[in-house]
Amino acid sequence: MAGPSSDELYQRCMSLASNLWWSWNPDVSSIFRDLDPVRWRQVDHNPIVLLREFTTERLDQRASEMVLYSRINHAYRRLKEYMTSRTEWARNNAGLLGAKPVAYFSAEFGIHESLPIYSGGLGVLSGDHIKSASNLGLPLVAVGLFYGQGYFRQRLDPKGYQNEEYTDTKVEDLPIKEATDAEGNPITVSIDTRSGQLLAKVWQMHVGRIRLFLLDCNVEGNSPDDRQLTSRLYGGDVRTRIRQELVLGIGGVRALQALGITPGVYHLNEGHSAFGPLAVIQNQMESDGLSFDDALRNVAMQTVFTTHTPVPAGHDRFESELVEEHLGPLREKLGLSYEQFMSLGKVDPHNANELFCMTIIGLKLSRTANAVSQLHGTVSRRMWAHLWPWRVEEEIPIGHITNGVHTASWLASQMKDLYDRHFPEGWADRVGESSIWENIYNIDPGELWETHNALKNLMIQFVRRRYTAQCQRWSNDENVIRQAQQVLDPKILTVGFGRRFATYKRANLIFQDLDRIAKMVTDTQRPVQFLFAGKAHPKDEPGKEFIRKIATLRENENFRNRVIFIENYDINVCRAMISGVDVWLNNPRRPLEASGTSGQKVVLNGGLNLSILDGWWAEAYDGNNGFAIGQGTSHVDDAVTDQRDCEYLYEVLESEVIPMYYRHDVDGLPTQWVKRMINSIATLGWRFSSDRMVMDYTNSCYVPAAGGLSCDVSSRQ
Ligand SMILES: *Cc1c(COP(=O)(O)O)cnc(C)c1O
């Protein structure tokens, strides 16, 4: 049988590269890698850029050298099958949504490192949400913004100061194309403001079965300033912010309309998109002749709102004048007075000084609201109780659905191979079920330990490569470079900390008592080493100072090769870290971490969490599936809390973590430790998967919202 022609082969590779589905299928991503492993790394794992460097002949030749034909053809067939098949789960659970999909709005989507339209946890959560929606077959479309420059690339200077670099993203390097209407014309949406019209074009991307639409203000017809409006994520000032949110919410709803999509449910992932329902209300008033109040009642039924942070600065607030400048024309169409409109974003409608808050309008325009962990639910109900002064705290209508992570995206392929050997056939489609993960108890502990250590070695190679490149920028000294190539020892207990350097996350907590931690690091029998990474927001000076302090610990003899900071934390760096660390450290100031998800990624690969009992860990920790720092308390005085938590952290390291890691049986296996790894995987793998999360959203929010039935996730404890 004749194989495909070289043109066909090239086209098949391009088809694979054009759907982000490849990014969570190691069988497919490994094809790209094997085409040219070095370039693959250099182009930041971007298959489109990689493929463009090949002529059809050269690709054909390389495919033949590497015996890739059957793998390419197999992957291509699987993608086609995937795109056309329907899942049983969706038939049984989401039938009601049918032709009226969920419209999922988010300001950022973290899908893959080659697509820089995310900054941190919120974006990665959105990415994982739509990937699970794809796997489950949930009818859902996603709406976001296309950032021409994205978030910044982090570089440290030799003194540890963070520099931010922005580069233009080239559209032709990405798997996106213009979204078109029924006639095949590109779509542009417009939004009237008091200061002129704002235009946005719409891009479309395929994330498995899910279509993601991204609005982009860099179009002709916009002023030069407005053409830059969507260039950076979380850049600019408060005016940039409200204009971006206008485009996301109002523009997003109009884009779906132009595409001929009629959502049954609107899911606002965080307050950034909370203007959106106003455009839906406007449509209903115009098409059905409803009053504002009646249309609001209908639209709120269809709207699901997720709040993501108990940190006050995390809730956007705008001056009334700024709101009027941007929403004034729409307000008039809705028939609302200035005061009526402003009251949508306020606790006290009569207080002229109160700022307009996006979380409040989100809560007021949705029938169902939720926080992202059980503890965050409690905190959020308390935080917003004054919006419902007639209700007791337990009846505040904010429930919780705890965040989860997309298993296939965060499970290292070596660990996946191990699971494949011991889990039942088809397990990857059922990761939200606890029974699947119980099979981990059948795995030979030695095999699990070996796999973990292989992954740890890969991580250390990655770190050495990155760290050497950093040092080469800082120094010509051969000794420095040679040392950089040797950092971290695979035999030493390795603790990882990777996340945004927001100060409440307290990256430097462990260094409060340098002598005490140095003792642990330099212990000759049972040493510990640390790996850090994370970006501080460009305007967060205290966060940058944390980075500087940690990055310059290398000047201290005690920490030189054992406390390493690597630059530019992103999905790629995160993936490397969470698949290889022994322990993942998480020490936020309770209760400010709404959920946290990086620790959930660690679970999948056999790492153990060492965490404050905050966010997801407060409900996940059972005494045998990781380690807790403290007892889940906090003091009103931050300094006291920090002092206490630091002491708890040292105690648990010295008395539990370190001894357990180094206590080996006669075969050299740390039996107790591996038992804990197994408990962690068995008890947490399914519960904190985004499949479970999306199933929860479907059952408790989407389906009731689509049916107009009352839905209550409040106080689900
Ligand atoms: C998962 C992830 C996060 C979230 O980390 P938290 O533990 O929730 O702080 C942030 N950034 C990246 C790149 C991630 O992959």
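Every number in this text was worked out from the coordinates using simple rules, so none of it is lab data. What you see is a predicted model, and the numbers here were worked out from it, not measured in a lab. Note that we place each Cβ from the backbone using ideal geometry, even for glycine, and neighbour counts take in every protein chain shown.
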For the chain, build the charge dipole from Cβ charges (+1 Lys, Arg; -1 Asp, Glu) around the Cα centre, then report which of Gly623, Val379, Tyr76 sits farthest towards its positive end.
Tyr76
Helix 413-422 against the longest principal axis of the chain: what's the angle in degrees, Cα atoms only, rounded to the nearest 10?
90 degrees
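Ranking Trp22, Trp617 by Cβ neighbours within 10 Å, fewest first, what do you get? Each step should come with its number before you reach the end.
Working: Trp22 25, Trp617 29.
Ascending number of Cβ neighbours within 10 Å: Trp22, Trp617.
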Taking amide hydrogens as modeled 1.01 Å from N in the peptide plane, which residues meet the under 5 Å criterion relative to Lys177, leaving out close sequence neighbours?
Gln204
Percent relative contact order of the chain, based on C-alpha pairs within less than 8 angstrom and at least six residues apart?
14 percent
Sorted by average packing, counted as other Cβ atoms within 10 angstrom per residue and highest first, what order do 490-496, 331-337, 681-687 take?
681-687, 490-496, 331-337
Going by alpha carbons, how many degrees (0 to 90, nearest 10) lie between the helix axis of 638-652 and the longest principal axis of the chain?
40 degrees
Whole-Hz ³J(HN,Hα) from phi, Karplus 6.51 cos²θ - 1.76 cosθ + 1.60, for the stretch 513-520, glycine and proline x:
10, 4, 5, 5, 6, 4, 4, 5
Cα-based shape type of the stretch 6-84, given that a ≥ b ≥ c are square roots of the gyration tensor eigenvalues and the cut on a/c is 1.5
oblate
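For the peptides 233-241, 432-440, 80-88, what is the packing order when you average, over each peptide's residues, the other Cβ atoms within 10 Å and list the highest mean first? Mind showing how you got there, number by number?
Details: 233-241: 16.0, 432-440: 17.6, 80-88: 11.2.
Ranking the peptides 233-241, 432-440, 80-88 by packing returns 432-440, 233-241, 80-88.
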With Cα coordinates, the longest principal axis of the chain makes an angle with the long axis of helix 69-84, in degrees rounded to 10, of 40 degrees
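What is the extension gain from Ile481 to Leu514, computed as 0.36 nm multiplied by their sequence separation minus the C-alpha to C-alpha distance, in nm to one decimal?
Result: 9.3 nm gained on full extension.
Students often check this: by mean Cβ neighbours within 10 Å, which of 162-170, 207-215 ranks highest, and how do the rest follow?
Details: 162-170: 14.2, 207-215: 23.9.
With the highest mean Cβ count within 10 Å placed first, the list reads 207-215, 162-170.
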For Val405, which sequence-distant residues (separation of 5 or more, or a different chain) have an amide H within less than 5 Å of its own amide H, given hydrogens modelled in the peptide plane?
Ser689, Ser690
By counting other Cβ atoms within 10 Å of each Cβ, how are Glu220, Glu183, Glu270 ranked from fewest to most?
Glu183, Glu220, Glu270
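Restricting to Cα pairs below 8 Å that are 6+ residues apart, what does the relative contact order work out to for the stretch 6-84? Please round to a whole percent. Walk me through the numbers before you get to the answer.
Values: 58 pairs, mean separation 35.6, N = 79.
Computed over the stretch 6-84, the figure is 45 percent.
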